Amino acid sequence: FPRIAYDEAMLKYGSDKPDLRNPIKMFDASDIFEQTDFVVFKKIVQQKGLVRAIPVKGAGKQPRSWFDKLGAWAMDELKMPAPPAYILAKDIRDGKQVVALRGPLAKFLDSKPQLIGELYTRGGFDAPTEHDAIFFVAGTDRNQLNRQAAALRNRIGADLNMTETDVFKFCWIVDFPMYELNPDTKKIEFSHNPFSMPQGGLDALNTKDPLTIKAFQYDIVCNGVELSSGAIRNHLPEVMVRAFEIAGYTRADVEARFAGLFNAFQYGAPPHGGSAPGIDRIVMLLADEPNIREVVAFPMNQQAQDLLMGAPAEVAPERLKELHIRLQLPPAKKPGDAV
């Protein structure tokens with residue numbers, strides 16, 4: 001199975017659960033649009049946002065109505081403020097380099113053939129044709145941008161029958177970030193599993209920018225479905241304490257909140273790790289079901305209720321008494337009470 005670094009997965013697929021049946025690989029076009037007169041994208045890049053480019057071979061063979069429907073879907077389903085911008089190849093020099101365009105962004109790029117050529121080179125068009133297109137999604141919220149770009153990539157792949165069927169495409173996603181910056185509090189937090197071993201160990205924690213530190217974490221993905229997450233565990237007490245200090249916890253916090261684990265490590269523990277793929281997700285893929293609720297024995301509804309088992313339900317007073325549990329529920333509202 002191919003191993004794809006987390007950063008590469010987010011760049012090329014907009015997701016850490018990429019569906020490799022779809023051959024489309026996105027690329028970053030931020031630096032290119034910084035050199036154009038297209039104010040919308042240029043301003044986004046100046047605000048440290050990104051422009052994601054989605055190259056699509058042969059999209060120009062579709063009627064204009066397809067582009068319009070795709071744009072309407074993106075605005076409705078993805079909440080994009082405008083339809084995705086795109087370019088289509090028009091004039092090609094020596095059958096190798098696109099030098100003129102058509103499409104909504106053509107007027108902003110036609111005077112810069114070197115930028116046009118760079119876009120099509122990055123898009124992997126070794127022998128471009130007049131039907132080859134590149135779509136663009138831009139924004140300053142990177143999480144939202146990735147979601148929108150990934151969904152658009154998947155939609156285009158399905159619409160144009162580019163996504164393979166009746167196959168399983170596996171990959172490992174590796175090198176997850178150890179930390180991330182909370183956009184609201186501006187504080188550093190753990191990105192995934194706080195008990196994973198940081199790459200570089202204690203030295204990395206003491207000398208590197210926390211947002212550049214990777215963890216020994218990995219996911220196995222099949223057809224866009226995460227089958228399992230795993231990690232090499234942090235088994236060294238001092239590394240554990242330092243990792244939590246970066247995320248705002250004191251040594252006393254670690255010793256109090258994770259006493260069992262922390263104390264056990266004082267006696268020595270070998271390096272260890274693993275993962276455990278869920279059988280329900282494997283069955284979902286084998287059965288070609290898009291929703292896991294179709295293959296689990298007791299699916300819950302959106303209110304977390306198991307209708308078949310009648311759960312959750314009230315517990316008899318004698319059962320509560322056995323467990324020394326006393327309920328202090330708020331008084332029931334009467335008709336006419338203020339909400």
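Condition check: at pLDDT below 90, surrounded by fewer than 11 Cβ atoms within 10 Å (Cβ to Cβ) and farther than 30 Å from PRO210 by Cβ. Does LYS321 satisfy that? Reasoning before the result, please.
On the way: at pLDDT below 90: no; surrounded by fewer than 11 Cβ atoms within 10 Å (Cβ to Cβ): yes; farther than 30 Å from PRO210 by Cβ: yes.
Spelling it out, it is not the case that LYS321 is at pLDDT below 90, surrounded by fewer than 11 Cβ atoms within 10 Å (Cβ to Cβ) and farther than 30 Å from PRO210 by Cβ.
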With the first residue restricted to the stretch 81-99 and required to be over 14 Å from TYR120 (Cα atoms), and the second required to be in a strand (DSSP E or B) and not polar (S, T, N, Q), Cβ contacts under 7 Å at 6 or more apart or on different chains are PRO84/PHE135; PRO84/PHE136; PRO84/VAL137; ALA85/PHE136
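Would you confirm, using the coordinates I've provided, whether GLY310 is open to solvent by less than 50 Å² (accessible area, probe 1.4 Å), over 21 Å from PHE190 (Cβ atoms) and in contact with a Ser or Thr (Cβ under 8 Å, 6 or more places away or on another chain)?
On the way: open to solvent by less than 50 Å² (accessible area, probe 1.4 Å): yes; over 21 Å from PHE190 (Cβ atoms): yes; in contact with a Ser or Thr (Cβ under 8 Å, 6 or more places away or on another chain): no.
Judged against the criteria, GLY310 is not a match.
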In the stretch 137-193, residues that are modelled with pLDDT of 95 or more, loosely packed, with under 14 Cβ neighbours inside 10 Å and at positive phi total 1
SER229 passes all but one of the listed conditions (1) of a type outside the set (Phe, Trp, Tyr); (2) under 26 Å from ALA256 (Cα atoms); (3) at pLDDT below 95; the exception is number (2)
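Quick test for you: out of GLY278, GLY224, GLY230, pick the one residue that is touching a Gly at 6+ places or on another chain (Cβ under 9 Å) and closer than 30 Å to GLY157 by Cβ. Can you show your working first?
On the way: GLY278 fails: touching a Gly at 6+ places or on another chain (Cβ under 9 Å); GLY224 fails: touching a Gly at 6+ places or on another chain (Cβ under 9 Å).
After applying the criteria, what remains is GLY230.
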Pairing a residue in the stretch 112-128 that is charged (D, E, K, R) with any residue that is surrounded by 17 or more Cβ atoms within 10 Å (Cβ to Cβ) and part of a helix (DSSP H, G or I), where Cβ atoms lie under 8 Å and the two sit 6 or more apart in sequence or on different chains, gives GLU118/ILE32
Given the structure, is ASP280 at pLDDT 90 or above and either basic (Lys, Arg) or at positive phi (or both)?
no
Counting only strands (runs of 3 or more DSSP E) entirely within the stretch 146-228, those with at least 2 residues that are over 19 Å from ARG242 (Cβ atoms) are 170-174, 217-222
Scanning the stretch 1-38 for residues that are touching a Pro at 6+ places or on another chain (Cβ under 9 Å) and aromatic (Phe, Trp, Tyr), the one surrounded by the most Cβ atoms within 10 Å (Cβ to Cβ) turns out to be TYR6
Looking at the structure I just gave you, is ARG102 of a type in the set (D, E, K, R) and either within 23 Å of ASN146 (Cβ to Cβ) or open to solvent by less than 60 Å² (accessible area, probe 1.4 Å) (or both)? no
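In this structure, does ALA259 turn out to be farther than 30 Å from VAL283 by Cα, modelled with pLDDT under 95 and either out of contact with any strand residue (DSSP E or B) (no Cβ under 8 Å at 6 or more places or on another chain) or crowded, with 17+ Cβ neighbours inside 10 Å (or both)?
Details: farther than 30 Å from VAL283 by Cα: yes; modelled with pLDDT under 95: yes; either out of contact with any strand residue (DSSP E or B) (no Cβ under 8 Å at 6 or more places or on another chain) or crowded, with 17+ Cβ neighbours inside 10 Å (or both): yes.
When the stated conditions are applied, ALA259 passes them.
Can you confirm whether ASP219 is open to solvent by less than 60 Å² (accessible area, probe 1.4 Å), touching an Asp or Glu at 6+ places or on another chain (Cβ under 8 Å) and either under 30 Å from GLY49 (Cβ atoms) or without any contact (Cβ under 8 Å) to a residue 12 or more places away in the chain (or both)?
Details: open to solvent by less than 60 Å² (accessible area, probe 1.4 Å): yes; touching an Asp or Glu at 6+ places or on another chain (Cβ under 8 Å): yes; either under 30 Å from GLY49 (Cβ atoms) or without any contact (Cβ under 8 Å) to a residue 12 or more places away in the chain (or both): yes.
So ASP219 fits the description; yes.
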Flagged pairs (Cβ under 7 angstrom, 6 or more apart or on separate chains; first in the stretch 38-61, without any contact (Cβ under 8 Å) to a residue 12 or more places away in the chain; second acidic (Asp, Glu)) are LYS42/GLU34
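The values are calculated or read from the model by the stated rules, or taken from the named source; none is laboratory data. Fair warning: this is a prediction, and the values are worked out from it, not measured in the lab. Counting neighbours? That spans all protein chains shown, and the Cβs are built from the backbone with ideal geometry, glycine included. Heads up: the accessible areas ignore ligands, DNA and RNA and are worked out on the full protein's heavy atoms, side chains in. Shrake-Rupley method; radii C 1.70, N 1.55, O 1.52, S 1.80 Å.
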